[in-house]
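Following: one structure in C-alpha cells, then a few remarks.
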Amino acid sequence: MEKGKKYLLSSLFGLGIISVSCIWIQQGCINRWKKQANKDRGLFLLMNQWVNLKQDEKRIENYFIHNKLKRIAIYGMSYVGKRLVKELKDTEVEVIYGIDRDAANIYSEIELVTIDADLKEVDAVVVTSIDEYNAIYNMLSQRIRCPIIAIEDIINEV
C-alpha cells in the first residue's frame with residue numbers, strides 16, 4: 001500500500017506540473033492575442049479617423065505644407081506607411097524614402113532602407129507604427145536630426 005501511495009502522489013505531482021505548464025502556455029497565448037487585438041484596434045481607429053478626414057475633404061499634405069516639411073521619410077512601411085506614400089503622391093510633399101525593419105522583403109514605389117542604413121537628410125520622419133512610437137523615436141533620434149512625428153498626431157491635427 002505504501003508503494004501505491006507514492007505512485008499516486010508522484011502521478012498527482014506530475015499532473016500538477018503539466019497543468020501549471022498548460023496554464024502558463026495558455027496565458028502567454030492570451031497575452032499575445034490581447035496585444036495584437038489592442039494594436040488592431042488602434043490601427044482601426046487611426047484609419048477610421050483618416051477616412052473621416054477624407055470625407056470632410058481635408059488633406060494630410062496640408063499638415064506638411066503648413067509646417068514647411070517638403071521632404072519626408074516614413075518609418076513603418078506596412079498598411080499605414082503604404083497608404084501615406086499613396087496619399088502624398090503627386091503633391092508638394094516628397095516622400096524621399098521609407099524605413100522598415102523588413103525593408104528587403106517589402107515591395108514599394110519608394111526606396112526602402114533599414115534603421116541601420118545611412119539615413120538621408122529629410123525635413124521630418126513620420127512614424128506609422130501605432131504601438132511602438134517611443135522605442136522608434138529613441139532609435140531614430142540617435143540616427144537623424146529632424147522632427148520625428150507620429151502619424152496619429154498628424155491625423156489629429158489636420
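The table that follows gives values for the structure above.
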{"item": "Selection from the range 4-47 of residues that are aliphatic (A, V, I, L, M) and modelled with pLDDT under 75", "result": "LEU8, LEU9, LEU12, LEU15, ILE17, ILE18, VAL20"}
{"item": "Any hit, the range 81-92, residues being among the acidic types (Asp, Glu) and in contact with a strand residue (DSSP E or B) (Cβ under 8 Å, 6 or more places away or on another chain)", "result": "no"}
{"item": "Index of the failed condition, LEU69 passing every other in (1) buried (at least 16 other Cβ atoms within 10 Å of the Cβ); (2) out of contact with any strand residue (DSSP E or B) (no Cβ under 6 Å at 6 or more places or on another chain)", "result": "(2)"}
{"item": "Inter-residue pairs, beta-carbon under 9 Å, first touching a residue at least 40 places away in the same chain (Cβ under 8 Å) and in the range 27-48, second aliphatic (A, V, I, L, M), 6+ apart", "result": "LYS39/ILE130; GLY42/ILE130; LEU43/VAL80; LEU43/ILE130; LEU46/VAL80; LEU46/ILE130; LEU46/ILE151; LEU46/ILE155"}
{"item": "Tally of residues being surrounded by fewer than 16 Cβ atoms within 10 Å (Cβ to Cβ) and either at pLDDT 95 or above or more than 16 Å from the chain's Cα centre (by Cα) (or both) across the range 116-133", "result": "5"}
{"item": "Options VAL113, VAL51, VAL80; residue that is out of contact with any Ser or Thr (no Cβ under 6 Å at 6 or more places or on another chain), at pLDDT 95 or above and closer than 17 Å to ILE148 by Cα", "result": "VAL113"}
{"item": "The range 79-95: number of residues that are more than 14 Å from PHE64 (Cα to Cα) and surrounded by 14 or more Cβ atoms within 10 Å (Cβ to Cβ)", "result": "4"}
{"item": "Tabulated pairs, the range 136-158, first under 14 Å from ALA73 (Cα atoms), second part of a helix (DSSP H, G or I) and of a type in the set (Gly, Ala, Ser), C-beta under 7 angstrom, 6+ apart or interchain", "result": "ILE148/SER141"}
{"item": "GLN36 vs. criteria of a type in the set (S, T, N, Q), assigned to a helix (DSSP H, G or I), more than 21 Å from the chain's Cα centre (by Cα) and farther than 30 Å from ASP90 by Cβ", "result": "no"}
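The values are calculated or read from the model by the stated rules, or taken from the named source; none is laboratory data. All values reported here derive from a predicted model rather than from experimental measurement. Here Cβ is always computed from backbone atoms with ideal geometry, including for glycine, and neighbour counts include all displayed protein chains.
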